[in-house]
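Novice: Structure below; questions to follow.
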Amino acid sequence: MHELGIVFYIIRDVKQAAQENGVEHVSTVVMNIGEVSTIIPEYLTDCWRWAADKEDLLRGCELKIEPIPAVTHCDGCGKDYPTVAHGKICPHCGSEKTWLLRGNEVEIKELRVEN
Amino acid sequence: MENVKIIEIKKSVFEDNDRAADALRGELKKKGVFLLNLMSSPGSGKTTTLIQTINRLKDKLRIAVMEADIDSDVDAIKIKEATGVESIQLHTGGMCHLDAEMTEQGLTAVIGGQPSEVSSQPSAFDLVILENVGNLVCPAEFDTGAVKNAMILSVPEGHDKPLKYPLMFSICDVVVINKIDVLPYFDFDMEKCKEYIHMRNPKATVIPICAKTGEGVEAFANWLLKEVARWKE
Ligand SMILES: Nc1nc2c(ncn2[C@@H]2O[C@H](COP(=O)(O)OP(=O)(O)OP(=O)(O)O)[C@@H](O)[C@H]2O)c(=O)[nH]1
Ligand SMILES: [Mg+2]
Ligand SMILES: [Zn+2]
């Protein structure tokens, strides 16, 4: 299961950050997930619930997902366009010389700690 | 909400792994070992292709195989019996992919000793092949530290796979299209498939083969031979 593997990486990073900041319980972890990152948000939050509740640091901690829309840049005409709607081919000029500007992220944005 | 402290992280989940993978590649370069990461869907023919390829290369290169599987060791035994080369099983403990850390542990078991201790000595192997877990999603996201990535797409899976799994095709240096013996029974369009692969990755080498009979395997073996030689320069 793909998302579970990702969850283990998130937990590892969160534990490390919590230790560095002397935090004993995290109430929310905010993730930035790109639209074309291959992560399915619902699966990620399901796996999160299962794995996080096994850790004292993360019991009841919410995983909040802030999606990042995918944008592709075209070298042919220099314009940007939404990736999901148009794919690899630029809707402005028809060029195939395009590359993903953003939308691939699987990033931990921040931790929220209640005191 | 007034009592909430925010700790900013802004860190990619893959960052630690990417760093470990780069470090591993650096070690491999020093030791003169070429690591190939071989990926595909379950049953596309990874093990069969490896047996055919290794039997063509084993007189020219010193080869070892690491078989990653969630729980069995069928493939590792099969490789050893059919080729005679060193072959070990890596269990992923339920995970759907191997990361750089697990790969390094596997390499340590194959090459022997602690990686740091043997780093300055030349290795007993020229080529180590990792058969990754059968899956087209997760292995694409986790850099194993391999020098090159290869994937096998088999004819029954359909020619539109590059459209469905863009990331996998974009990271592969070579795409082997296996089971061409069954082309007459499937409406698999080879030219379309190549076109879709090159849309994702203009630099990918595409090699059609039949691992069952060995047809086309020579081309894959030659590609490997050339890449290993270039890495050891
Ligand atoms: N017709 C045909 N069958 C093939 C070919 N190559 C492999 N097979 C068959 O496909 C099945 C799976 O082959 P494997 O080599 O075990 O595939 P794999 O990718 O290693 O499978 P997993 O490790 O289970 O993911 C076996 O029954 C093979 O005999 C081929 O070129 N043609
Ligand atoms: Mg196999
Ligand atoms: Zn354009």
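Novice: Would you mind computing, in nm to one decimal, how far apart the modelled labels at B:LYS203 and A:ARG59 are, each placed 7 Å from Cα along Cα→Cβ?
Specialist: So the two model labels end up 5.1 nm from each other.
Novice: Hey, what did chain A get for relative contact order, percent, Cα under 8 Å, at least 6 apart?
Specialist: Working: 201 pairs, mean separation 39.0, N = 115.
Here the relative contact order equals 34 percent.
Novice: Can you work out the Karplus-derived ³J(HN,Hα) for every residue in region B:5-19? Use 6.51 cos²θ - 1.76 cosθ + 1.60 with θ = phi - 60°, whole Hz, and x for glycine or proline.
Specialist: Each residue of region B:5-19 in turn: 9, 10, 10, 6, 10, 6, 9, 5, 5, 8, 4, 4, 5, 4, 5 Hz.
Novice: Once amide H atoms are placed 1.01 Å from N in the peptide plane, what residues at a sequence separation of 5 or more from A:THR72, or on another chain, have their amide H within under 5 Å of its amide H?
Specialist: Answer set, sorted by chain and number: A:TYR81, A:THR83, A:LEU101.
Novice: What shape does chain A have by the C-alpha gyration tensor, where a ≥ b ≥ c are the square roots of the eigenvalues, rounded means a/c under 1.5, and otherwise prolate means a/b greater than b/c and oblate the rest? Present the calculation step by step, with values, prior to reporting the outcome.
Specialist: Working: a/c = 3.60, a/b = 2.61, b/c = 1.38.
Verdict is prolate for chain A.
Novice: For B:VAL176, which sequence-distant residues (separation of 5 or more, or a different chain) have an amide H within less than 5 Å of its own amide H, given hydrogens modelled in the peptide plane?
Specialist: Those lying under 5 Å, H to H, from B:VAL176 are B:MET151, B:ILE152, B:LEU153, B:ILE207.
Novice: Show me, for region B:58-72, the HN-Hα J-couplings you get by feeding each phi into the Karplus relation (A = 6.51, B = -1.76, C = 1.60, θ = phi - 60°), rounded to Hz, glycine and proline as x.
Specialist: Working through the residues one at a time gives 5, 7, 9, 10, 8, 10, 9, 10, 10, 9, 9, 8, 5, 8, 9 Hz.
Novice: Is the shape of chain B best called rounded, prolate or oblate, per the rule: a/c under 1.5 gives rounded, else a/b larger than b/c gives prolate, else oblate, with a ≥ b ≥ c the square roots of the Cα gyration tensor eigenvalues? Intermediate values should be presented prior to the final figure.
Specialist: Values: a/c = 1.76, a/b = 1.15, b/c = 1.53.
Oblate is the answer for chain B, as a/c is 1.5 or above yet b/c matches or exceeds a/b.
Novice: Under the rule that a partner needs its Cβ under 4.7 Å from the first Cβ, which Cys of the protein assembly as shown have none?
Specialist: So, A:CYS47, A:CYS61, B:CYS172, B:CYS193, B:CYS210.
Novice: Longest exposed-loop-site-free stretch of chain A, with trypsin sites (Lys or Arg not before Pro), DSSP loop and at most 15 other Cβ within 10 Å? List each step's numbers first, then the result.
Specialist: Numbers: sites that count: A:LYS54, A:ARG59, A:LYS79, A:LYS97.
Answer - A:1-53.
Novice: With the crude spin-label approximation of a point 7 Å out along Cα→Cβ, what separation in nm comes out for B:GLU101 versus B:ILE77?
Specialist: 3.1
Novice: In sequence order, what are the phi-derived ³J(HN,Hα) couplings for region B:143-157 according to the Karplus relation 6.51 cos²θ - 1.76 cosθ + 1.60 with θ = phi - 60°, rounded to whole Hz, with x for glycine and proline?
Specialist: Calculated HN-Hα couplings, in order: 5, 8, x, 5, 6, 9, 10, 10, 9, 10, 10, 9, 3, x, 6 Hz.
Novice: Follow-up question, since we're still on this one. Does the protein assembly as shown come out rounded, prolate or oblate by the C-alpha gyration tensor, with a ≥ b ≥ c the root eigenvalues, rounded set by a/c under 1.5 and, if not, prolate when a/b is larger than b/c and oblate if not?
Specialist: On the way: a/c = 2.00, a/b = 1.32, b/c = 1.51.
Taking the square roots of the gyration eigenvalues as a ≥ b ≥ c, the protein assembly as shown is oblate.
Novice: Checking the cross-link filter: which aspartates and glutamates have an alpha carbon closer than 12 Å to that of B:LYS212, excluding same-chain neighbours under 8 positions apart?
Specialist: B:ASP181
Novice: Counting only the backbone N, which residues of region A:79-115 are under 20 Å from the spot 7 Å out from the Cα of B:LYS10 toward its beta-carbon?
Specialist: The answer is A:101-113, whose backbone nitrogens lie closer than 20 Å to the label point.
Novice: Looking at the protein assembly as shown, what % of its DSSP beta bridges pair antiparallel, to the nearest 5?
Specialist: Values: 21 of 58 bridges.
Given both bridge residues lie in the protein assembly as shown, the antiparallel proportion sits at roughly 35 percent.
Novice: Most fluctuating residue of A:VAL26, A:VAL84, A:VAL71 in a GNM of chain A with Cα springs under 10 Å: which is it?
Specialist: A:VAL84
Novice: Full extension from A:GLU66 to A:ALA85: what is 0.36 nm times the residue separation minus their Cα-Cα distance, to one decimal in nm?
Specialist: Details: separation 19, 0.36 × 19 = 6.84 nm, distance 1.98 nm.
That pair, A:GLU66 and A:ALA85, stretches by 4.9 nm at full extension.
Novice: Can you give me the C-alpha center-to-center distance between region A:10-29 and region B:7-50, rounded to a whole angstrom?
Specialist: 27
Novice: Mind giving me the nanometre distance, one decimal, between the label points for A:GLN19 and B:GLU215, set 7 Å out from Cα along Cα→Cβ?
Specialist: The modelled label-to-label distance comes out at 5.6 nm.
Read-outs: derived from the displayed coordinates by stated rules, not from any lab. Predicted model only: the values in this text are computed from it and were never measured. Quick reminder, even Gly has a Cβ in these numbers, built from the backbone with ideal geometry, and neighbours come from all protein chains shown.
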